Amino acid sequence: MNGISSTSRRPAAQRARPTAKASARAKAVSPAVRAEGARLSISSKNYSSWSLRGWLMVKMAGLPFEEERVDVDSPDARAELLLLAPSILVPCLTHRGIRVWNTLAIGEYLHEVAPKAGLLPSDPVQRAHCRSICGEMVSGFSAMRASLPMNMRARLKSFKVWSKAQADIDRIIEIWTDCLGTYGGPYLFGEKPTLADAMFAPVASRFTTYAVSLPPLCASYRDTIMAMPLVQQWMADALQEPEELDELDMDF
Ligand SMILES: N[C@@H](CCC(=O)N[C@@H](CS)C(=O)NCC(=O)O)C(=O)O
């Protein structure tokens with residue numbers, strides 16, 4: 001076992017059926033772009049927050065792709081992963097012979113190949129806002145990421161949030177409140193999910209896992225994200241995963 005597997009080998013019954021929304025998203029990608037199959041390397045669906053972000057972005061772009069599961073702890077898999085992503089990190093997208101790693105770069109690449117998918121808002125002011133909060137997610141919130149690692153299966157009712165993580169949470173509440181108030185929800189930039197929602201989806205999962213106290217508007221946004229069919233689809237796979245990590249206090 002080399003640690004890399006492809007979900008395309010799953011029995012048909014386990015594959016998600018295309019929904020009307022998925023077909024609409026697929027139409028946002030031109031036939032030429034669709035024809036040249038894409039691969040996305042990801043790791044654990046229960047623990048890997050960056051994998052979830054990248055996977056949501058590719059799904060939202062409507063680009064057909066194969067998932068490559070990578071066990072980042074296996075030396076063989078790490079060697080193969082190095083061939084896929086110079087950073088040895090997941091996610092990494094390969095499409096038309098182009099490799100893109102780093103989730104923000106993947107999102108920007110997808111916006112280029114599927115401009116009609118609405119991954120970024122069409123209004124330039126909103127687009128700049130969206131890019132800013134995506135960048136903030138990628139480069140910030142290290143205390144929250146370290147002390148509340150994503151663990152989609154877990155539910156902790158009385159988790160003590162330490163002050164530095166709470167400061168990160170407060171800033172996220174500020175970002176969400178601002179976006180939902182300005183653009184009217186239910187997603188951060190209005191009626192359709194954008195890259196920003198993919199970026200913050202693992203945060204919604206963490207807030208659910210650790211029962212983080214939120215104002216009603218943000219709690220409702222958290223629930224909207226957790227109820228998204230794509231997030232539910234990912235969650236169903238996460239629940240099936242055999243891997244368990246004892247050290248919950250790591251950023252994975
Ligand atoms: N900022 C990077 C973060 C990617 C990242 O940290 N990925 C983790 C998984 S969630 C990883 O590949 N870890 C592998 C390792 O540490 O060996 C991105 O945007 O893609």
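FYI, it's all coordinate maths here, none of it is from the lab. Quick caveat: nothing in here was measured; it's all calculated off a predicted structure. Note: ideal-geometry Cβ built from the backbone for every residue, glycine included; neighbour counts use all protein chains shown.
Segment S163..A211, full-extension length gain: 15.7 nm, with 0.36 nm per residue of separation and the alpha-carbon distance subtracted.
Taking each residue as 0.36 nm, the span from A146 to R127 lengthens on full extension beyond its C-alpha to C-alpha distance by 4.0 nm. The equivalent ellipsoid that matches the C-alpha gyration tensor of segment 70-137 spans semi-axes of 29, 14, 7 angstrom, in descending order. Here each label is just a point 7 Å from Cα along the line to Cβ, and for A227 and E191 those points are 1.8 nm apart.
When segment 122-168 is described by a simple charge dipole with +1 on each Lys and Arg Cβ and -1 on each Asp and Glu Cβ, the residue from V138, F159, P124 located farthest towards its positive end is F159.
Provide E68, E243 in ascending order of the number of other Cβ atoms located within 10 Å of each residue's Cβ, fewest first.
Ranked by crowding around the Cβ, least crowded first: E243, E68.
When W234, W55, W162 are arranged by Cβ crowding within 10 Å, least crowded first, meaning fewest neighbours, the order is W162, W234, W55.
One quarter of the convex hull surface, Cα atoms only: what value does that give for segment 124-234 in nm²? Spelled out: convex hull of the Cα atoms, projected over all directions, averaged, 6.5 nm². Rounded to the nearest 20 debye, the dipole size of segment 124-234 about its Cα centre is 400 debye, using +1 on the Cβ of Lys and Arg and -1 on the Cβ of Asp and Glu. Averaging 1/r over every pair of different alpha carbons in segment 39-153 and inverting the result gives a Kirkwood radius of 15.0 Å. Take each peptide in 195-202, 83-90, count the other Cβ atoms within 10 Å of every residue, and average; sorted highest first, the result is 195-202, 83-90.
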